[in-house]
Every structure is written in structure tokens, then in C-alpha cells.
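Taking it in order: structure first as C-alpha cells, then the write-up.
Please treat every number below as a calculation from the coordinates, not as lab data. Computed from a predicted structure; not experimentally measured. Every residue, glycine among them, receives a Cβ derived from its backbone with ideal geometry; neighbour counts consider all protein chains shown.
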Amino acid sequence: MAQMTQTTIAKIGEHVEQTVTIKGWLNNRRSSGKIHFLSVRDGTGFLQVVMGKKDVDEATFQKADHLGQESAIIVTGTVQEHPKHPGNYELIASGLEVVNPANDYPITPKEHGVDYLMDRRHLWIRAERQTAILRVRHEIINAVRDFFNNEGFILADTPIFTPAACEGTTTLFPVEYFDDEKAYLTQSGQLYNEANAMALGKVYAFGPTFRAEKSKTRRHLTEFWMVEPEMAYADLNDVITLAEGLITSVVGRVLDRRQKELKVLERDTSKLEAVKAPFPRLHYDEAAKILLEKGLPFVVGGDLGGTDETVLSEQFDRPVCVTHYPAAIKAFYMKPDPNEPDKALCVDVLAPEGYGEIIGGGQRLDDLDLLLQRIKEHDLPQEAFEWYLDLRRFGSVPHGGFGMGIERCVSWICGLEHVRETIPYPRMLYRIYP
Ligand code: 4AD
Ligand code: MG
């Protein structure tokens, strides 16, 4: 008997004409009566296993004909490359072991509604599409880390329990801390990141962040992952250049390494190939002009809404950087442009194809007096920000950075309708189970 090697579906191409064993689950099956076609998945991929009546004993053939979807199985067989589709493999079965039979798996190959699937998210993530998305997510996260590490940024984590709001308390989740003290789940590591940048020069934080805003859109989660770089001695231009570098590097890496997943997702990759620096830059006033020309009910001076972002980002084949939002509608820590003090030195990067904002950031207010004034104007408790003000008291320098939401990035790169599929267990306004 040929020697048997245990392998994974991802590596099956290294074993053509050899006998191998795959440990996995039954995804689906059909039968012609004389041949069973088992679709098997093992976490690394999906594989067609062909079981001919004459290739196995009668009991095994019978067993395979009654296996329920998601039964845990170990299959043994010979690897064959598809004669007409090189790179496609199948396994000609010689053996089958049932590790745990499953019956009445609730997610069948037929279409199910979104709520039904979301209630069964712990099982839904086994689907081929969902595993493809989660693999792309993994690639994006690693590409982000590699990018910053190669650019000389130091990973310096920021706290999740915070004593005060970074951008106002209205969108914070309070938690009970000891002795009746109240803490909040962080909505951004930025302020601590600024302190870290003054210590280490170029830093990034990467972790979960929380937003209690009651937004029920295809772009909002209440818990999401954000990567936040921050640089000392940097201006808005440096921040935009960094954002361009990050995005092109991440998109390039996914195109390089995740073609298989993008194919499963039926992603039009030509749209991603077009993502090259430099990105167009649009002053807020120009953006407003475009929106008004398009007949949108946009109020000049106000923030861009989801629809505004969609319309703007549809005008370009690559991400667009919208700068100089009115200072009045932006966070207290943003530096006003000395040439037009009513505008902030900020940038939102909008992903193309209507995906909208994936990055928000800019240059920080580095002047002590102006920062104090802003804290008052925003009705924020100054005591809570004393440590932050210290950064302006001791060696203040121009600095800036941004935050990129991982789920929005995954949603765009995968071409999804909604961010709920970009993270294993999405947390949303009306969803905290499972
Ligand atoms: O624009 P935001 O709110 O910026 C900040 O928090 C800055 N303090 C970051 C910084 O400069 N260090 O959020 C940044 C990004 C957004 O562009 C978006 O990609 C993502 O975080 N984001 C969300 N993603 C999913 N669900 C939500 N509710 C999100 N809110 C923001
Ligand atoms: Mg923003």
C-alpha cells in the first residue's frame, strides 16, 4: 500500500498522485448512485472528494451516502490534478472515517435571510464566502502590521479603559470601575498615542475601539478594530502621504496573496489594481461644490453624510482625500489651518466605489493656549486633560496621525454590502448574540 501522508487542502498540490489524508468536515455532497461527490473543507480550503463504488468497500460507500452536512470526517485518497484546470485538485477516495456525525445542520446550501444567518454566526463563519472574507481580514491586518514595522513605527498600545472621553462622552460606553468610579471603553487611542509619539517618534496602536452612537448603517459597528499611527514632527501632508503608503501597500498585498479568496468573493480586482498613489486631494469647499452640483441636499459647513461620501467616492477610481473640514464640526484637538483658521488641518480618506470613509485623522493642535480654549469651547473637563496638556507644556512639536477602521477596509477590499461580515462576531446596535 502506498505511504499515507497527512496534509491540508491548501497544500494538496504538493502531493499529486500521492495518497494523503485530510481531516475536516463534510460541506456538501451529491451522488450519481455509482459515484459520491463529497465537498470537504478543512479550514484551509475546500476540496472535491470523488468516491467511486468500486474504490471503497460497501460499508464505506453506504456510510458516505448518509452523511449529514458538517459531519466531522477524515478522508484518505489519491490526489489528482484536473486535466483541463491546472491548479485544481480532487481526491479519489480510498477511505473514510467518521469522527462525529452531524444531523440537520441549520445552514443548508439554500438561501437564508440575514437575521437567520446572524443568529447562527458561530456556524455561518464556516461557509466558503465567510472563510474567504476572514482570510482577507487576516491578510489586511498582517499587511498593516508589516507596513508600520517596516516604516520604523513602534507598536505602543493604548488603554481600553479610559477615564474620559477622547471626542465627547455622548458616544461612549460607560463601565463600572472600582469604588463607584466610572470608566469608559475607548473610542480611540489617539490622545495616548500622541504622548507615545513624543516618547518614541513614530508609533502605532492597534486594538478594539468602541462607539455607542446609535447608528444603524452598513458602515457602523459598536466594537471595531482600528489601527492608529501617530508621528512627531509631522504635518498634514506627511499624514496624507502615510495614509497613501498604507492603503496602497495593503491593497497590493491582498492582490498578491489572496487571489483565491477574491475569486470566491467575485471581487472585480481591476478596481483594486487601480489603487495607486498619489490619491486625489479635495478641499472641503471643492467637495461641497461637487455635492451641490450633483443636486444633493448638502448643507455647506456641515459634516459629510454617508450618502455624500458615497457620491464623492464614486467620482474617482482610487481613494480620495478630503481635507479642511470646518473646524467647528471637528474634534477639539484638530489644528486650524493658519491660512484659513475656520478650517481644520484634517483628512478623511474615502474608499472608491462608494465605500466612503476608511481613514480619519490630521494634524494635532500643538499650541497650549489654543488647546485650552478649545477644551473650554467643547465643554470638556480640563482636569481630565491635564496630562494631555502637558504634551504642549513640555517640548510641543507639530505632529499628526490617523485612524483606519479595519472592518471598513475589509468591506471595501472584499466588495461587501455591509461591515457585519468583516469580523467573526459583529457587535451592532441590535446585535450582541452570539
Ligand atoms: O474618524 P474617526 O472617528 O477618527 C478617530 O477616532 C481619530 N481619533 C483617529 C486618529 O486620528 N487617531 O475613526 C477613524 C476610523 C474611521 O475612518 C472608520 O474607518 C473607523 O475608524 N470607524 C468605524 N468603523 C466601524 N464602525 C464604526 N462605528 C466606526 N467609527 C469609525
Ligand atoms: Mg471620522
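Observations on the structure shown:
- Among 179-191, 219-231, the order from most to least packed when residues are scored by Cβ within 10 Å on average: 219-231, 179-191
- Model label points for ASN88 and VAL114, set 7 angstrom from Cα along the Cα-to-Cβ axis, are 3.2 nm apart.
- For the residue pairs LYS214/LYS343; LYS271/LYS330; LYS11/LYS84, the C-alpha atoms sit more than 22 angstrom apart in LYS214/LYS343; LYS271/LYS330.
- Set of aspartates and glutamates with alpha-carbon distance to LYS216 below 19 Å, sequence-local pairs under 8 removed: ASP115, ASP119, ASP303, ASP308, GLU309, GLU357, GLU407, GLU417, GLU421
- Segment 232-306: C-alpha gyration tensor shape, a/c 1.5 cut-off, then a/b vs b/c: oblate
- Backbone HN-Hα couplings from phi across segment 184-201 [Karplus 6.51/-1.76/1.60, Hz, Gly and Pro as x]: 10, 6, 4, 9, 5, x, 3, 4, 5, 4, 5, 5, 4, 5, 6, 8, 10, x
- Each peptide in 332-343, 103-114 was scored by the mean count of other Cβ atoms within 10 Å over its residues; highest first, the order is 332-343, 103-114.
- By definition, a body whose alpha carbon gyration tensor gives a ≥ b ≥ c is oblate when a/c is 1.5 or more and a/b is not larger than b/c, and segment 1-67 fits this oblate description.
- Cα shape, segment 170-281, gyration tensor, a/c 1.5 rule: oblate
- Put simply, the amide H of GLU223, placed in the peptide plane, has neighbours under 5 Å in ARG211, ARG427, leaving out anything fewer than 5 places away on its chain.
- What the Cβ-Cβ distance of ASP157 and TYR425 gives, at R0 = 25 Å and to the nearest 0.05, is a FRET efficiency of 0.70.
- In order along segment 93-103, the Karplus-derived 3J(HN,Hα) couplings, from 6.51 cos²θ - 1.76 cosθ + 1.60 at θ = phi - 60°, round to 5, 10, x, 8, 10, 9, 7, 7, x, 10, 10 Hz, and Gly and Pro are given as x.
- Gap separating the Cα centres of segment 1-60 and segment 210-264, nearest whole Å: 39
- The HN-Hα couplings worked out from phi for segment 264-277 by the Karplus form 6.51 cos²θ - 1.76 cosθ + 1.60 (θ = phi - 60°) are 4, 7, 6, 6, 6, 6, 4, 5, 7, 4, 6, 6, 10, 7 Hz, whole numbers, x standing for Gly and Pro.
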